[in-house]
Amino acid sequence: MTADRTAIRAATAGVPAGAPAAPSGSAASGTAAAGTAAAGTAAAGTAAAGTAASGASGGAAAAGAPRIRVLLADDQALVRGALASLLSLEPDIEVVAQVDRGDVVVAEARRSGATVALLDVEMPGADGLSAARALSAELPACRSLIVTTFGRPGYLRRALEAGAAGFVVKDTPAEQLADAVRRVANGFRVVDPVLAAESLAAGPSPLTPRETEVLISFRTAPTVAGVAAHLHLSVGTVRNHLSSAIGKTAARNATEALRVAADNGWLLG
């Protein structure tokens with residue numbers, strides 16, 4: 001209303017009350033044009049105000065949308081804290097729980113109401129692949145995203161077999177990690193294309209479950225006798241399994257077989 005009055009005053013400025021009509025049509029026309037221009041300016045201001053109000057309303061609606069509830073599982077406190085800080089900068093993501101062990105992931109996800117769990121691969125209690133498998137079986141409403149330092153083909157294959165919805169490495173840019181969380185929350189699968197190609201090329205692990213177990217034990221007890229004692233097997237049985245693993249990995253000895261298997265991600269899950 002104030003803008004309209006201003007326009008009216010501008011249109012009638014300089015014309016005394018009761019004054020006769022201007023003798024020239026051009027003068028009257030000029031006055032009318034000025035009034036029209038002023039009125040147009042006022043209308044434009046009103047429209048702009050309406051647009052601003054609409055935008056503010058849309059922003060408020062977006063702000064009221066439910067946020068993605070994230071659980072972080074990583075045994076390195078520094079890494080876990082950095083991930084929490086980065087994700088907390090996103091307006092639609094909320095970190096609701098943090099754990100440093102794989103065997104408490106399901107219980108904490110259930111307690112916190114997490115909808116996406118970011119899981120490291122190597123953790124005490126249970127590895128990330130085992131945690132992903134447990135979530136898929138016991139709490140499918142919480143989808144898992146493997147976030148690891150080790151972009152190994154075997155890890156990717158076994159993570160997907162365990163029910164994980166995605167697999168990314170820890171040096172992924174922050175904006176891409178946040179986008180991966182959103183895609184997983186929305187029901188999509190997120191996999192690094194280069195790692196996917198490497199996984200297909202490498203194929204599944206050639207090792208049997210027992211050979212895998214023997215190599216894992218050899219990592220902590222690097223002698224045939226030590227593995228035999230740890231797994232309650234005979235020395236001859238351990239030697240046979242190690243010999244088979246060495247042949248399948250094209251290695252020269254058990255230590256090299258262990259390295260090859262670890263590099264390909266064949267020693268988890």
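The values are calculated or read from the model by the stated rules, or taken from the named source; none is laboratory data. The model shown is predicted, which means the values in this text are computed figures rather than measured ones. Here Cβ is always computed from backbone atoms with ideal geometry, including for glycine, and neighbour counts include all displayed protein chains. Accessible surface areas use protein heavy atoms only, side chains included; no ligands, DNA or RNA. Shrake-Rupley method; radii C 1.70, N 1.55, O 1.52, S 1.80 Å.
Here are some notes:
- Condition check for N264: farther than 20 Å from G151 by Cβ, out of contact with any His (no Cβ under 9 Å at 6 or more places or on another chain) and open to solvent by 20 Å² or more (accessible area, probe 1.4 Å): no
Residue-by-condition table, conditions (1) part of a helix (DSSP H, G or I); (2) open to solvent by less than 40 Å² (accessible area, probe 1.4 Å); (3) under 18 Å from P66 (Cβ atoms); (4) in contact with a strand residue (DSSP E or B) (Cβ under 7 Å, 6 or more places away or on another chain):
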{"position": "A84", "(1), (2), (3), (4)": "yes, yes, no, yes"}
{"position": "A97", "(1), (2), (3), (4)": "no, yes, yes, yes"}
{"position": "V106", "(1), (2), (3), (4)": "yes, yes, no, no"}
{"position": "L135", "(1), (2), (3), (4)": "yes, yes, no, yes"}
{"position": "A141", "(1), (2), (3), (4)": "no, no, yes, no"}
{"position": "S144", "(1), (2), (3), (4)": "no, yes, no, yes"}
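- Residue within segment 111-121 that is touching a residue at least 12 places away in the same chain (Cβ under 8 Å), closer than 27 Å to S85 by Cβ, over 19 Å from the mean Cα position of the chain (by Cα) and surrounded by fewer than 21 Cβ atoms within 10 Å (Cβ to Cβ) present: yes
- Within segment 165-178, residues that are without any contact (Cβ under 8 Å) to a residue 60 or more places away in the chain have Cβ atoms under 9 Å from residues that are among the charged types (D, E, K, R) and in a helix (DSSP H, G or I) in these pairs: A165/R183; G166/R183, counting only partners at least 6 apart in sequence or on another chain.
- For segment 149-161, the count of residues that are buried (at least 16 other Cβ atoms within 10 Å of the Cβ) and of a type in the set (S, T, N, Q) is zero.
- Residues that are surrounded by fewer than 19 Cβ atoms within 10 Å (Cβ to Cβ), modelled with pLDDT under 95, touching a Pro at 6+ places or on another chain (Cβ under 8 Å) and not small (G, A, S) occur in segment 183-198; there is at least one.
- Of the residues making up segment 199-231, just one is surrounded by fewer than 16 Cβ atoms within 10 Å (Cβ to Cβ), among the polar types (S, T, N, Q) and within 16 Å of G247 (Cα to Cα), namely T208.
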